[in-house]
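Contents: one structure, followed by commentary.
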Amino acid sequence: MTSNRRMVFGCAVALVVAACGAAQVTPSPPQHVTASGGPTLTGKAVSITSFRGHPVVLIFWASWCGPCHDEQPALNTAYATWRSRGVAFVGIDIRDTTTPAIAFQSEFKVPYPSIADVNATLAVDYRIPSAPALVFLNTQGKVADVVLGALGTMSAADFSAEISKLLGSAKTGSV
C-alpha cells in the first residue's frame, strides 16, 4: 500500500512540475487555417481571408482579460506604426459578451475591427487556449507565428522583428 501511495504522489508531483511550464510553451502553429472570420461586435462581417496579400496580426482578447487591458495601448501604437505599411490588424474577442466588449473597444479607442468569437470557434481553429494571444499570418494566409500571452511575453523589438519578417516575405514570396 505504501508503494502505491509513493507512486501516486510521485506522479502528482511530476504533473504539477510539468504543468508549471505549460503557459510558456507555444504550440507549433498550423500551416494553414481555413477559418474565414465572422461578425464584428457591431454586426459587420469581417473575412480574414480578404486580407490575403497582406501580413495580418490577429489579436485574441476579451474584456474580462486583465493583461488585454494592459497591452491595448501598445497594440494601438503598433497598429498606427504598421498599417501604412500594409499590415492588417484584426481583433478576435473570445468568450465575451457584447456590452462589455464594446465598452472595452470604446475605452481603449481600438482602431481595428474585432470579430465576436463568443464560442471561441476561431480560437480553437488557431489553437488559442485563452486571451491574450497573437497570431501572425503571412501574405498567403498561413500562420507564421503564435504568441501565447501576447505582449506580456514578447518585447516590442520582437514584435517589430516579426512584422518586418512578414513584410520581407511579402517582397520575396517566402517565409
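Quick note: the coordinates plus some simple rules give every number you see, no bench work behind them. All values derive from a computational prediction rather than experimental measurement. Cβ placement follows ideal geometry from the backbone for every residue including glycine, while neighbour counts extend to all protein chains displayed.
Can you tell me which of 56-65, 145-154 comes out highest on packing, and rank the rest after it, using the mean Cβ neighbours within 10 Å?
My ranking of the peptides, most packed first, is 56-65, 145-154.
In percent, what relative contact order does segment 27-172 have, based on Cα pairs under 8 Å that are 6 or more apart in sequence?
Details: 255 pairs, mean separation 48.5, N = 146.
Result for segment 27-172 is 33 percent.
Restricting the count to DSSP beta bridges whose residues both fall in segment 27-172, what percent are antiparallel, rounded to a multiple of 5?
Values: 15 of 25 bridges.
Counting DSSP beta bridges with both partners in segment 27-172, the antiparallel share is about 60 percent.
Can you work out the Karplus-derived ³J(HN,Hα) for every residue in segment 137-148? Use 6.51 cos²θ - 1.76 cosθ + 1.60 with θ = phi - 60°, whole Hz, and x for glycine or proline.
Here the 3J(HN,Hα) series is 9, 7, 5, 8, x, 8, 6, 9, 6, 10, 10, 7 Hz.
Given just the C-alpha atoms of segment 96-162, how large is their convex hull per residue in cubic angstrom?
About 113 Å³ per residue, rounded to a whole number.
Measure out, as a whole number of angstrom, how far apart the alpha-carbon centroids of segment 86-110 and segment 130-170 sit.
18 Å
Find the percent of Cα-Cα distances in segment 27-172 that exceed 27 Å, and round it to a whole number.
11 percent
Taking θ = phi - 60°, what integer Hz values does the Karplus form 6.51 cos²θ - 1.76 cosθ + 1.60 yield along segment 101-115, in sequence order, with x for Gly and Pro?
5, 5, 4, 4, 4, 5, 4, 9, 6, 5, x, 10, x, 10, 7
In debye, nearest 20, what is the charge dipole magnitude of segment 37-175 about its Cα centre with +1 on Lys and Arg Cβ and -1 on Asp and Glu Cβ, if you could check? Please list the in-between numbers first.
Details: 10 positive and 10 negative charges, 107 e Å.
Value, rounded to 20: 520 debye.
Amide H neighbours of Leu41 under 5 Å, at least 5 residues apart or on other chains, H built in the peptide plane: list them.
Here the answer is Ser114, Ala116, since their amide H atoms fall under 5 Å of that of Leu41.
With a sphere of radius 14 Å drawn around the Cβ of Ala156, what net charge do the other residues whose Cβ falls strictly inside it have (Lys, Arg +1; Asp, Glu -1)?
Net local charge, Ala156 excluded: -4.
How large is ³J(HN,Hα) for each residue in segment 83-94, as worked out from phi by the Karplus curve 6.51 cos²θ - 1.76 cosθ + 1.60 (θ = phi - 60°), to whole Hz, x for Gly and Pro?
With coefficients 6.51, -1.76 and 1.60, one gets 5, 5, 8, x, 8, 9, 10, 9, x, 10, 7, 9 Hz.
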